[in-house]
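Here the structure comes first, spelled out in structure tokens, and everything after it is commentary.
The values are calculated or read from the model by the stated rules, or taken from the named source; none is laboratory data. What you see is a predicted model; the values in this text were computed from it and never measured. Cβ coordinates were reconstructed from backbone atoms using ideal geometry, including for glycine residues, and neighbour counts include every protein chain displayed. Heavy atoms of the whole protein, side chains included, go into the accessibility calculation; ligands, DNA and RNA do not. Shrake-Rupley method; radii C 1.70, N 1.55, O 1.52, S 1.80 Å.
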Amino acid sequence: MVTRRNALAAGAFAAAALPVTAVMMRGSASAESTPTGGQTAPRTLSRRAGRVRAGARVSGTSFPVSHLGVRWAGDNPLRIRFRTTSGWASWQMVNGCDGGHDDAEVGGHAALISAPLATSYELDAGSADAVQIIELNTVDGPRDLRLAGARRGMPIGDRVVPVRYLSRAAWGADESLRFNPDGTPKFGADQFFPVQTVTVHHTAGQNDDPDPAGFVRGLYQFDLDRYGDLGYHLMIDEAGTVYEGRASGSDSQPMFGPAGADGRPLMISAAHVGGMNSGNLGIALLGDFTSRQPTAAARSALTKVLAGICAVQRLDPRAATTFVNPVSGAQLAVDTISGHRDWMATECPGNAFYPKLPALRKKVASLLR
């Protein structure tokens, strides 16, 4: 439900801002490709380690671990350390982007941790309950996922935003994992809703990651068990490359499916804010911004993408609204461009980055004048 004040403001914004697009070009969804197609990516190796008690040491993994997916309950922090051929590394704190699903995941903690091809790891979760573990390797699997080319522009509706863009086919999504042997989706039919808000996240993963596409493939595998696909609609790495997240149908458009009654494209419902996903579009920056800022390239790409979404969806990036979940009826007053912590108790999108969101909204608005 949008208040009369915000509805009028949004209408005025749309009329004034849409004709001018400083960073967007009108054009087809088939943005020009860079010559990276034809390469291959390895399929992700995956093993569920099950529930591991707090304080346990796990040795003899089935394969060297490049990423470790962890889920735990309770309020205790989680620490982890890895062993490689060089010995045990230092302990590291685990931060997570919590509570993505609309039901059982609310209140839980989840994180995907980059590991240095570890063969052992040790957990320290205080008095927390057992930790659920999935071991992943995005490096050594069969290298038979043929990649599409990266693009020099990202299609958003009838516009192309000038960012380097990797579709699911370009970062190596194994689409077969989303379906049963008979071709039906494992987690039910897709649902599409009008866009009301956009929520900014961080993945709380490794900074300065040398293989962000590998992290995305690992996150895809981790999220499959929880959400049936990636929980985010888009992800942005430190170089400013934008990755298509949750699958949205057979067209070439990320995030969106068919047009709604008002002509705006409807968004695919994903899993990034517990209880508040239907109509809420989620974008995650790759990295942990608890104590450092995203790179200039990542911030620039985020700003351009948000401007594209706001233009196509006729959203005012400076406005606030009352989000209404069209499925459950749950409501919350938020900024149209919000941070994950505006919706629930979490540190996401990071203590360092979150205070920068007002300036981000202002910058997005400036690109639409």
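Can you tell me which residue in region 280-310 is nearest to A213 (Cα to Cα), limited to those that are touching a Leu at 6+ places or on another chain (Cβ under 9 Å) and of a type in the set (D, E, K, R)? This residue is R299. Selection over region 237-281 of residues that are touching a Gly at 6+ places or on another chain (Cβ under 9 Å) and either of a type outside the set (D, E, K, R) or at pLDDT 95 or above (or both) gives a count of 25. With respect to the conditions (1) open to solvent by 60 Å² or more (accessible area, probe 1.4 Å); (2) closer than 27 Å to P326 by Cβ, V139 falls short on a single one, namely (2). None of G231, G214, G249 is in a loop (DSSP other than H, G, I, E, B), surrounded by fewer than 24 Cβ atoms within 10 Å (Cβ to Cβ) and either under 11 Å from the mean Cα position of the chain (by Cα) or not aromatic (F, W, Y) (or both) except G249.
Candidates are the residues of region 320-347 that are of a type in the set (S, T, N, Q), within 19 Å of the chain's Cα centre (by Cα) and at pLDDT 95 or above; the one that is surrounded by the fewest Cβ atoms within 10 Å (Cβ to Cβ) is S338.
The set of residues in region 187-207 being open to solvent by 10 Å² or more (accessible area, probe 1.4 Å) and more than 17 Å from G96 (Cα to Cα) consists of F187, G188, A189, D190, Q191, F192, F193, P194, Q196. Considered as a group, the residues in region 84-130 that are more than 25 Å from V216 (Cβ to Cβ) and crowded, with 19+ Cβ neighbours inside 10 Å include one that is modelled with the highest pLDDT, and that residue is A125. A239 meets the stated requirement of being in contact with a Ser or Thr (Cβ under 9 Å, 6 or more places away or on another chain), surrounded by fewer than 21 Cβ atoms within 10 Å (Cβ to Cβ) and small (G, A, S).
Where residues in region 159-186 are open to solvent by less than 20 Å² (accessible area, probe 1.4 Å) and among the small types (G, A, S), which of them is farthest from Y220 (Cα to Cα)?
Within region 159-186, the subset open to solvent by less than 20 Å² (accessible area, probe 1.4 Å) is 159-161, 163, 165-166, 168, 170-173.
Imposing the further condition that a residue be among the small types (G, A, S) reduces the set to 170, 172-173.
Details: A170: 14, G172: 10, A173: 8 Å.
The residue in question is A170.
To keep it simple, each residue is scored yes or no on (1) open to solvent by 10 Å² or more (accessible area, probe 1.4 Å); (2) part of a helix (DSSP H, G or I); (3) more than 13 Å from V200 (Cβ to Cβ).
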| residue | (1), (2), (3) |
| --- | --- |
| L302 | no, yes, no |
| L306 | no, yes, no |
| R318 | yes, no, yes |
| P349 | no, no, no |
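Quick one: in region 272-299, which of the residues that are touching a helix residue (DSSP H, G or I) at 6+ places or on another chain (Cβ under 9 Å) and either without any contact (Cβ under 8 Å) to a residue 12 or more places away in the chain or open to solvent by 10 Å² or more (accessible area, probe 1.4 Å) (or both) is farthest from L234 (Cα to Cα)? Once the filter is applied, the top-ranked residue is Q293. Checked against the criteria, I156 does not count as closer than 25 Å to G38 by Cβ, open to solvent by less than 20 Å² (accessible area, probe 1.4 Å) and in contact (Cβ under 8 Å) with a residue 60 or more places away in the chain.
The condition (being touching a residue at least 24 places away in the same chain (Cβ under 8 Å) and either surrounded by fewer than 20 Cβ atoms within 10 Å (Cβ to Cβ) or over 14 Å from Q313 (Cβ atoms) (or both)) is satisfied by just one residue among P265, P258: P258.
If you check Q221 against the conditions, is it more than 21 Å from T295 (Cα to Cα) and part of a loop (DSSP other than H, G, I, E, B)?
Values: more than 21 Å from T295 (Cα to Cα): yes; part of a loop (DSSP other than H, G, I, E, B): no.
So Q221 fails the test.
Restricting the first residue to region 40-53 and requiring it to be under 10 Å from N137 (Cβ atoms) and touching a residue at least 24 places away in the same chain (Cβ under 8 Å), which pairs with a second residue that is among the β-branched types (V, I, T) and open to solvent by 50 Å² or more (accessible area, probe 1.4 Å) meet a Cβ separation below 9 Å and a spacing of at least six or different chains? Cβ pairs passing all conditions: P42/V139; L45/V139.
State all residues of region 135-153 that are part of a strand (DSSP E or B) and farther than 15 Å from Q39 by Cα; if no residue qualifies, say none. Of everything in region 135-153, those that are part of a strand (DSSP E or B) and farther than 15 Å from Q39 by Cα turn out to be E135, L136, N137. Does A9 satisfy being under 30 Å from S328 (Cα atoms), open to solvent by 30 Å² or more (accessible area, probe 1.4 Å), at pLDDT below 90 and of a type outside the set (K, R)? Judged against the criteria, A9 is a match. When region 65-83 is filtered for residues that are open to solvent by 40 Å² or more (accessible area, probe 1.4 Å) and either part of a strand (DSSP E or B) or in contact with a Lys or Arg (Cβ under 9 Å, 6 or more places away or on another chain) (or both), the ones remaining, listed by number, are R71, R79, R81, R83.
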